[in-house]
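Peer 1: One structure is given below, represented as structure tokens, and several questions about it will come after.
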Amino acid sequence: MKVLVLNCGSSSVKFQVIETSLEMIEANSDATLARGLVEKIGLSDSRLAIEVEGRKPYQEISEILEHRTAVERVLKVLVHPEHGVLKSVKELEAVGHRVVHGGEKVASSVLVTPEVEAMIEECVVLAPLHNPHNLRGLNAARGLLPGVPHVAVFDTAFHQSMPPMAFIYGLPYELYSRHRIRRYGFHGTSHRFVSIRTAKLLGRPLEDVRIVTCHLGNGCSMAAVDRGHSVDTTMGFTPLEGLLMGTRSGDLDAAILPWVMTMEDVTLSQLNAMLNKHSGLYGISGVSSDMREIEHACATGNKRARLAFDIFCYRIRKYVGAYAAAMGGIDAVTFTGGIGENSSLVRQTSLAGMEFLGIELDEEANRVAPRGKEILVSKGGSKVAVALIPTNEERVIARDTVRVLGGVMPSFAVPGTEAPR
Ligand code: AMP
């Protein structure tokens, strides 16, 4: 079936049309027929771009003031005789939506019903920068394609298998009971996809392998995936915690915050901006949030860029060690995301000196690894495999849509991992 996948941000709508089915999932043969992006929604020069295999990429600039118009334009371009890929929107049999936060209530992908919509709305307080836009896209698409099922796929759901010792913070317990302040984790679709693909690449059942997955892009997170279940992850209550990121600080002593507020006389919203927009690779290097530019600056001798790069890799190494301890050993470390898939230097630096854990990188294979391929870059005899797996969150969303509709969508919840009430 042809599934439209929508990922709605504050001023953008990413979309793909994916041909998939339960058989195609099994054979890993599902295909992306079209992909595109609407950006600068709300401005007079919004841009819609679409790429269809075998055709020249197409783009148009026009005023798109809100998400409904954006989705309307997407549907229009998809049926355009020259630039589109469908004869009629009736060919779309379902829509899969990315939703960032499902809180504690969803541990799976689900058919969108009024109850599910209300639940996504309830989670707006937990993800005020994401869920409202996801909802806006969802409403727009349901209005425009009322005759087809809509499925919501949550970034947080895969991590709902974590045990309380991994998700409860060392804060007064009332903050959890009253406000659900806990680790949720994000990038769940990506961690799940690459862990499944890693097991396939190793030729081993997922239920047998312990994998540390490293999703390194603009946002970065790692997860400990123990025999198919996420048992810990670096992002927390929000996507700020854990690894150093493009502009986010990652792990930090929380006592710094009141101290900075007093000493620098900053407001709460300035503090938020500092942590999310002015920190990380960018904040430390003063050069860029982009890893390519950081690597370039390192090569020209920029010491702060080198420091930012080293901190970035050091945290990855620390969490590999931590997650090996958490799972009682590891069978694979998997890299994905723009940095994870493309930066051989990050992979090499992060894993250097980890032979004691059984991780032996094949430096040459790592250096020349082709782009866009699922591949092992560890030495033949390495106890722990090192894998590169291009992530494909849209494909996970399309696949889950098919699974939900086919009644074969598993829940990620693990009985016995509920926290005391
Ligand atoms: P993503 O958010 O997954 O698109 O990843 C974006 C990040 O990937 C940016 O920091 C890019 O600099 C980084 N990236 C993309 N290509 C490369 C490359 N060839 N080498 C190093 N970093 C890269």
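Peer 1: Please arrange F167, F237, F335 by counting, for each residue, the other beta carbons lying within 10 Å of its beta carbon, fewest first. List each step's numbers first, then the result.
Peer 2: On the way: F167 22, F237 17, F335 31.
Ascending number of Cβ neighbours within 10 Å: F237, F167, F335.
Peer 1: Please find, in a Gaussian network model of the chain (springs between Cα atoms separated by less than 10 Å), the residue of D253, D400, D155 whose mean-square fluctuation is greatest.
Peer 2: In this elastic network of the chain, the residue with the biggest mean-square fluctuation among D253, D400, D155 is D253.
Peer 1: Looking at the chain as a GNM with Cα springs under 10 Å, which of Y184, Y319, Y173 has the largest mean-square fluctuation?
Peer 2: Most flexible of the set in this elastic network: Y173.
Peer 1: Right, next: Only four residue types carry charge here, +1 at the Cβ of Lys and Arg and -1 at the Cβ of Asp and Glu. Report the dipole size of region 24-79 about the Cα centre in Debye, rounded to the nearest 20. All intermediate terms of the calculation are to be shown ahead of the outcome.
Peer 2: Working: 8 positive and 10 negative charges, 34 e Å.
Computed about the Cα centre, the dipole is about 160 debye.
Peer 1: Using Cα pairs closer than 8 Å and at least 6 residues apart in sequence, work out the relative contact order for region 149-285, in percent.
Peer 2: On the way: 220 pairs, mean separation 27.5, N = 137.
Computed over region 149-285, the figure is 20 percent.
Peer 1: Calculate I(q)/I(0) for the chain by the Debye formula, one identical point scatterer on each C-alpha and no solvent, and give its log10 at q = 0.06, 0.07 Å⁻¹ to two decimals.
Peer 2: -0.25, -0.34
Peer 1: Looking at region 263-421 only, what percent of DSSP beta bridges run antiparallel? Nearest 5 please.
Peer 2: Numbers: 3 of 8 bridges.
Looking only at bridges with both residues in region 263-421, the antiparallel portion is about 40 percent.
Peer 1: Cα centroid distance between region 119-190 and region 250-310, in Å?
Peer 2: 27 Å
Peer 1: A further question on this structure: For the chain, modelled as a Gaussian network with Cα springs under 10 Å, which listed residue fluctuates most, V52, V368, V112?
Peer 2: Result for the chain, Cα springs under 10 Å: V368 fluctuates most.
Peer 1: Can you tell me the 0 to 90 degree angle between the C-alpha axis of helix 188-202 and the longest principal axis of the chain, rounded to 10?
Peer 2: Taking the Cα atoms of the chain, the angle to 188-202 is about 70 degrees.
Peer 1: Based only on the alpha carbon positions, what is the Kirkwood hydrodynamic radius of region 290-421, in angstrom?
Peer 2: Values: mean 1/r = 0.0585 Å⁻¹.
One over the average 1/r among Cα pairs gives 17.1 Å for region 290-421.
Peer 1: Which order results if R180, R403 are arranged by neighbouring Cβ count within 10 Å, fewest first?
Peer 2: On the way: R180 16, R403 20.
The order, fewest Cβ neighbours first, is R180, R403.
Peer 1: Along the charge dipole of the chain, Cβ charges K/R +1 and D/E -1, which of G381, V95, Y323 sits furthest on the positive end?
Peer 2: G381
Peer 1: For the chain, what does -39500 (n - 2.57) per DSSP helix run (n ≥ 4), summed and divided by total residues, give at 222 nm, in deg cm²/dmol to the nearest 500?
Peer 2: Rounded to the nearest 500, it is -11000 deg cm²/dmol.
Peer 1: Okay, next question. Counting DSSP beta bridges in the chain, what percent are antiparallel, to the nearest 5? List each step's numbers first, then the result.
Peer 2: Working: 42 of 62 bridges.
Here the share of antiparallel DSSP bridges comes out near 70 percent.
Peer 1: For helix 67-78, what angle does its Cα long axis make with the longest principal axis of the chain, in degrees from 0 to 90 and rounded to 10?
Peer 2: Its long axis makes an angle of about 70 degrees.
Peer 1: Give K40/K87; K2/K379; K200/K277; K318/K373 a once-over and call out the pairs whose C-alpha atoms are over 31 Å from each other. All intermediate terms of the calculation are to be shown ahead of the outcome.
Peer 2: On the way: K40/K87 28 Å; K2/K379 40 Å; K200/K277 37 Å; K318/K373 27 Å.
Distance filter (> 31 Å) returns K2/K379; K200/K277.
Peer 1: Pick out, from C220, S279, T262, the residue whose Cα sits farthest towards the positive end of the charge dipole of region 219-326, with +1 on the Cβ of Lys and Arg and -1 on the Cβ of Asp and Glu.
Peer 2: Among C220, S279, T262, the one farthest towards the positive end of the dipole of region 219-326 is C220.
Peer 1: Here's a follow-up. Can you tell me the orientation of helix 268-277 relative to the chain, as the angle in degrees between its alpha-carbon axis and the longest Cα principal axis, to the nearest 10?
Peer 2: 90 degrees
Peer 1: State the volume of the convex hull built on the alpha-carbon positions of region 145-244, expressed per residue in Å³ and rounded to an integer.
Peer 2: Numbers: hull volume 14.6 nm³, N = 100.
Considering the Cα atoms of region 145-244, their hull volume per residue is 146 Å³.
Peer 1: Still on this structure, I have one more. Going by how many other beta carbons lie within 10 Å of each one, how would you line up M291, M274, M222, M165, fewest first?
Peer 2: Working: M291 24, M274 17, M222 30, M165 11.
Ordered from fewest to most neighbouring Cβ atoms within 10 Å, M291, M274, M222, M165 come out as M165, M274, M291, M222.
Peer 1: Below 8 Å, C-alpha to C-alpha, sequence gap of six or more: please give me the relative contact order for the chain in percent.
Peer 2: 15 percent
Peer 1: Once you wrap a convex hull around the alpha carbon atoms of region 168-220, what is its projected area averaged over all directions, in nm²?
Peer 2: Numbers: hull surface 21.3 nm².
Average projection, Cα convex hull of region 168-220: 5.3 nm².
Read-outs throughout are calculated quantities, based only on the coordinates presented, and are distinct from any laboratory measurement. Source: prediction; values computed, not measured. All Cβ positions, glycine included, derive from the backbone under ideal geometry; neighbour counts span all protein chains shown.
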